[in-house]
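So the structure is just underneath, and the comments pick up after that.
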Amino acid sequence: MKKNIITVTSPLLPNLDEFHDLLKDIWEKRWITNNGSYHQQLEKALAEYLKVPFVSLFTNGTLPLITALQALRITGEVITTPYSFVATTHALWWNGIKPVFVDIDPNNGCLDPNKIEAAITPKTTAIMPVHVYGMPCNTKAIQDIADKYGLKVIYDAAHVFGVEVNGESILNAGDMATLSFHATKVYNTIEGGAMIMHDEKTKQRIDFLKNFGFANEIEVVAPGINSKMDEMRSAYGLLNLKQVDNAIKARHEVADKYREALRGVPGISYWEDITGVKHNYSYLPIFVDSKEYGMTRDELYFKMRDENVYGRRYFYPLISTFSTYRGLPSATKENLPIATKMADEVICLPMHHALSDDDIHRVVRCIQKNYK
């Protein structure tokens, strides 16, 4: 008998009856977009939950990246990581900015601050790091470099919903941070995203830019775009916010079970929790050393799929290897040895709130029994 598929993720869904009640209210109000009441409620609720000053909601997680670059008038070159989802670098390309790839820290997958200064040129205007797999970047070291050279810092914070370091939201680092609320994330609004900013004036400018640049009915103050979140997804998001803590708690338990079961398997490594960090357990990456384990990452990945266990080689291939970017001087393997190695060894295991003990056991057995 064929086993059921264990997917790499599963969306956090609100109670359908509660969602139906909010939809009825939206239908009665007949206000389905353009800064409606649920949109306003969600922005305030998220700012409070995330411990940040201001939140601006977007229709996905890519548009706030593009808009942040516009808002800060970033040009020239931006230092970034090749080890991320393609949207990070695409946002630069769409703004006519040249990405400059810098290698990553093997201890967390994030941009390595020790490699940044060597990549700075007179054309460098900003740094765009990524908090990979929910692991926080070394924000202090990055900010020190930015201050020294007069650079802006925009964090792609798609993976760090709710993550804190010593009680402080990681989202408060840098000039701006952006979030993704895609269905695959810890917290989702089906599709959606947000931008975090530090002052009311900046929020107002962002809100203009995401609504065609309209300041009022007859005045357009900037060449904006349309990237507003609608009322249905805002209501959905309000309901999911009520249950996200329980989902993160369940993910934590899954992570602990994986780590305990895989501890000591030759050739399999993973990261432990960091003292002082409130993690969200958005991903559980393992890294396969083919010499110690006895097979390559790809061999294990496809054997897992044969047993209907769907991990993900995330992030593979590196952004720097894609046709748009591979010709850049910074895109070479020689410049990116750690990122190249990590991309070739990683499997993100199934990780979500709905995994059962049987599911976890099946995933672990795939890894244990294929060790040679």
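The values are calculated or read from the model by the stated rules, or taken from the named source; none is laboratory data. Predicted, not measured: the structure shown is a model, and the values here were computed from it. Every residue, glycine among them, receives a Cβ derived from its backbone with ideal geometry; neighbour counts consider all protein chains shown. These area figures cover heavy atoms from the full protein model, side chains too; ligands, DNA and RNA do not enter into them. Shrake-Rupley method; radii C 1.70, N 1.55, O 1.52, S 1.80 Å.
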* If you take the alpha carbon radius of gyration of region 94-226 and divide it by 2.2 N^0.38 Å, what ratio comes out, to two decimals? -> 1.15
* Using θ = phi - 60° and the Karplus curve 6.51 cos²θ - 1.76 cosθ + 1.60, what whole-Hz ³J(HN,Hα) does each residue of region 210-215 get, with Gly and Pro shown as x? -> 7, 10, 6, x, 5, 8
* In whole angstrom, and with the biggest value first, how far do the Cα coordinates of region 12-82 range along each principal axis? -> 49, 25, 24
* Long-range HN-HN contacts of GLY76 with modeled amide H, under 5 Å -> LYS98
* Volume per residue of the C-alpha convex hull in the chain, rounded to whole Å³ -> 145
* With every protein chain left in place, what is the accessible area per residue of the chain in square angstrom, probe 1.4 Å? -> 45
* Structure fact -> Cα-based Rg then Dmax for region 250-369, in Å, read 15.6, 48
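Would you mind telling me the antiparallel percentage of the DSSP bridges in the chain, rounded to 5? Please report the intermediate quantities before stating the final value.
Working: 23 of 38 bridges.
Close to 60 percent.
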* What's the percent breakdown of Cα-Cα distances in region 321-372 across 10 Å bins, shortest bin first? -> 19, 31, 21, 24, 6
* Starting from the Cα of ASN166, move 7 Å in the Cα-to-Cβ direction to define the label point; list residues of region 102-136 whose amide nitrogen is under 18 Å from there. => 136
* Structure fact -> Quick calc: nm separation of the 7 Å Cα→Cβ label points for ALA354 and TYR49 -> 1.9
* After finding the eigenvalues of the alpha carbon gyration tensor for region 27-145, what semi-axes result from the square roots of 5 times each, listed largest first in whole Å? -> 32, 17, 12
* Residue by residue through region 328-338, which ³J(HN,Hα) values in whole Hz follow from phi under the Karplus form 6.51 cos²θ - 1.76 cosθ + 1.60 (θ = phi - 60°), with glycine and proline marked x? -> 5, x, 7, 8, 6, 4, 5, 7, 10, x, 5
* Return the carbon/sulfur percentage of the accessible area of the chain, one whole number, probe 1.4 Å, all protein chains in place. => 53
* Asked: ³J(HN,Hα) across region 190-201 via Karplus (A = 6.51, B = -1.76, C = 1.60, θ = phi - 60°), whole Hz, x for Gly/Pro?
  -> 6, 10, x, x, 7, 10, 9, 9, 9, 9, 5, 5
* Neighbourhood charge, 15 Å Cβ-Cβ cut-off, centred on THR275 and excluding it, Lys, Arg +1 and Asp, Glu -1 -> -3
* Asked: Which Cys residues of the chain have no other Cys beta carbon under 4.7 Å away?
  -> CYS348, CYS366
